[in-house]
Every structure is written in C-alpha cells, then in structure tokens.
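Values quoted throughout were computed directly from the atomic coordinates according to the rules given, and no laboratory measurement underlies them. Model, not experiment: these values are computed from the prediction. Virtual Cβ from ideal backbone geometry, glycine too; neighbours counted across all protein chains shown.
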Amino acid sequence: MSRPCIGQEEIEAVASVLRSGWITTGPRCSEFEERFAGLTGARWGVSLTSGTAGMHLLLKALGIGRGDEVITPSMTFASTVNQILLAGAKPVFADVDYDTLLVEPREIARHVTKRTRAVIPVHFAGAPADLDAIGEAAGSIPVIEDAAHAVGTRYKGRHIGSGNPAVFSFHPIKNITTGEGGLVTGSDPELMKRLKLLRFHGIERDAWKRYGKGSDPSYDIIEPGCKYNMTDIQAALGLAQLDKLDAINSRRAEIAKRYLEGLSGIPGLDLPGSPACEHVHSWHLFVVKARGMDRKLFMEGLAERNIGYGLHFPACHTLTCVREACGEVSLPVTEEVAKMILSLPLYPDMEEGQVGRVIAAVKEMFG
Ligand SMILES: Cc1ncc(COP(=O)(O)O)c(C=O)c1O
C-alpha cells in the first residue's frame, strides 16, 4: 500500500555522507533541522531517531508522570499511548468525528480534569485537527501535536508545527522519509534546549562539536538523557526528500482526488471527509470505511486481486495493555469506525493504471 519515493538524488546524498568520513549527527542534521523548521514556520527543529522518541522526550520535558492524565484520541497509532503509559501517566481518550477521524474538540473539553497535564491531538491521515477549538478546550494545558502524518499539512494558512510543539515522523511510509526518523518543531527556547540535551545522554554538545578542530571533548551531565540523535546519513536522505516535497504531495493529492471521484456514490463505502476549516491536506493516508461489507471480506478481495491495504489503526483503548491500565472505556464513534476502516494504496510512484485498478476492484467488490 506504500512505497518510499527514492530516486538517484537520495542515493547520491547518502553516498556523499558515507564518503565524507562523518556519518553520525553533524552538519547534515543541522541543515535538515533548519530547513524543516523553516518549512513549518517554527523557530527550531530537533532531529531524532523517530517520532516516538520525540513524544517520549516531550512528555519527559514537560515533567509528565504518575498521577497525571493526558488526553488524546484512541484512533491513532499506539506509539503515543505507549509513551504516556511508560511515563506512568494515564491516557484519557477523546472520541473522533466519523467523517474525518479527527479528534472532537468538545470531547477534549469534556475530559479535562485538574489532573490533565497535556492534550495531544493527531493530524490524522494528513488532515489538520481543529487547533483553534482544541486550544480553547485545553485552556492553559499544554498542547503537543502528533504531526506524524502532517508533513505539508496546513491549517488556516499555516503549516502544522508553527505553534505548539509538534512531533513529525519520517518512517518509510510517511510523506517524506529518512529511513526511520523524527523531528520536533517548537519555538520555546527552554523546551527545545531541554530536548536537545535529553536526546543525547544529557550532554550539551554533540560529537560534532566535541570532536571538531580545537574543541574541548570533555563534558558534564546534569540530567541523564536518552540516545535519540538522528545521523547525517538519515538527514541527507531527508534533505533530498524535502527538495521533492511539493512534487510528492501534489502527486498524493492527485491520487486522492481520483479516489474521491472514482469511488464516490458507492453504496456501503464511506470516503474520508474533509475538515470544515481552510486547510491543505497532505494525503498521507486514504482511509475508507467499509460500512456495507465485512472488512475481512474486503481485505480478502483486495488480496486476491494483488492490491495492498493497511489498517490505520486498531483503536488504542481496545489493546490489551491499554485495557489493563485504563479499564473499560466507551468511545462510540471510534468503536464504530474501528471495525470498518481500511487504507487503500497511496504513494507518489503509483501509476495511473494502478490507481484505476484499485478503483475498479473496489467498485466490483461493493457492487
Ligand atoms: C499517528 C502516529 N503517531 C506517531 C507515530 C510514530 O512515529 P515513528 O514511527 O517515527 O516513531 C506514527 C507512526 O506511524 C503515527 O502514525
């Protein structure tokens, strides 16, 4: 259902780092951070080994732990919920909108208590969550944006990540990839400094600064940190991908448009809805709802026709470890959609004929 969009430029960029003699965190990472922050409008970017690492560090930097509650949707990848649990805090789930699968701001407002320490909306599938309404619901509680799907997503004219701290992912399925990787954008100098410290053992200066000409290789550690630094190999790949972002996302939007047109009006098949606000969708995923057909049969039908698919996502509150930690939770819309959702193939190198084949296969099955 997905394939990274890698060309000669990416291969050359990576090869040039390999030839340079400096392959870990260094100048390519700094360049990638600057360019990515520039894309979003944030003041800084901190590059990391994954989006999950970014969420871990943000929760740590905000001091979230035992007795604290964090509000997030259950219709998301488990990584955020895992990090909340690992921090010793309690995930509190807010239900989503049926059409867009985006978290409902009024559901967030309903779950705020005096123990709520953070709100984490997800820009699901590349559509922006309603940040103004979420900000109102959260009040003075910090909002961290899960922007794993949102490279190229805009909300009311601004790129995601220009306001609250936001966590991006460059896993191979994502709109741009660094193999694996992530980046946190933000504009709060204290918070971003803390993330930089925590991503590399708590050491203030990374290897590039400690081993450069005439530099001082000694260090002190005030607070123990993790080992989450991105490498220059990954950053070089990311820089080459950033050059292609407009082309990548335009092709994704074209494919999504063809799906929306070609699959409209099929009884029993619900297509992704569009957020009401002014926005640019990055079309990370195209998630349909098989309302009129057993999803297992739908998957089997696609597999028989040699068409890939994905499941984004099993509802987090139904996962065993979450149920054990949180008990039974009722989320009517999430539970309803969780049985029906399926992601159709969507990647920039998909050919017109392949898109047509998916449309024809889905029509045939639902017919
Ligand atoms: C919604 C969401 N959040 C977070 C992540 C975690 O990103 P990473 O795989 O870079 O850790 C993903 C990855 O698939 C995701 O889909």
request  = Please identify which residues in region 188-207 have an amide N closer than 19 Å to a label point set 7 Å out from the Cα of residue 216, following the Cα→Cβ vector.
outcome  = 197, 202-207
message = As a test of the formula, what do you get for the chain when each DSSP H run with n ≥ 4 contributes -39,500 (n - 2.57) and the sum is divided by the residue count, at 222 nm and rounded to the nearest 500 deg cm²/dmol?
response = -12000 deg cm²/dmol
query = What nm value, rounded to one decimal, do you get for the distance between residue 3 and residue 204 when each label is placed 7 Å out toward the C-beta?
reply = 5.0
task = Multiply the residue separation of residue 357 and residue 304 by 0.36 nm, subtract the distance between their alpha-carbon atoms, and state the gained length in nm to one decimal.
result = 17.8 nm
request  = Within region 146-181, find all residues whose amide N lies under 16 Å from a label point positioned 7 Å from the Cα of residue 188 along Cα-to-beta-carbon.
outcome  = 146, 161-167
Total formal charge among the other residues, if their Cβ is under 11 angstrom from that of residue 250, Lys/Arg +1 and Asp/Glu -1 = +2
key: Nearby lysines by direct alpha-carbon distance to residue 196 (threshold 25 angstrom, same-chain neighbours under 8 apart not counted)   = 60, 174, 209, 213, 227
query = Counting other C-beta atoms within 10 Å, which of 80, 52 has the fewest, and how do the rest follow?
reply = 52, 80
At R0 = 30 Å, FRET efficiency that the Cβ-Cβ distance of residue 136 and residue 311 yields, to 0.05 = 0.40
request  = Could you please state, rounded to a whole Å, how far the C-alpha centre of region 247-264 is from the C-alpha centre of region 266-341?
outcome  = 19
Virtual spin-label span in nm between residue 34 and residue 325, 7 Å along Cα→Cβ = 3.9
ask   = Taking square-rooted eigenvalues a ≥ b ≥ c of the alpha carbon gyration tensor, is region 246-366 rounded, prolate or oblate, where a/c under 1.5 means rounded and, failing that, a/b exceeding b/c means prolate?
value = prolate
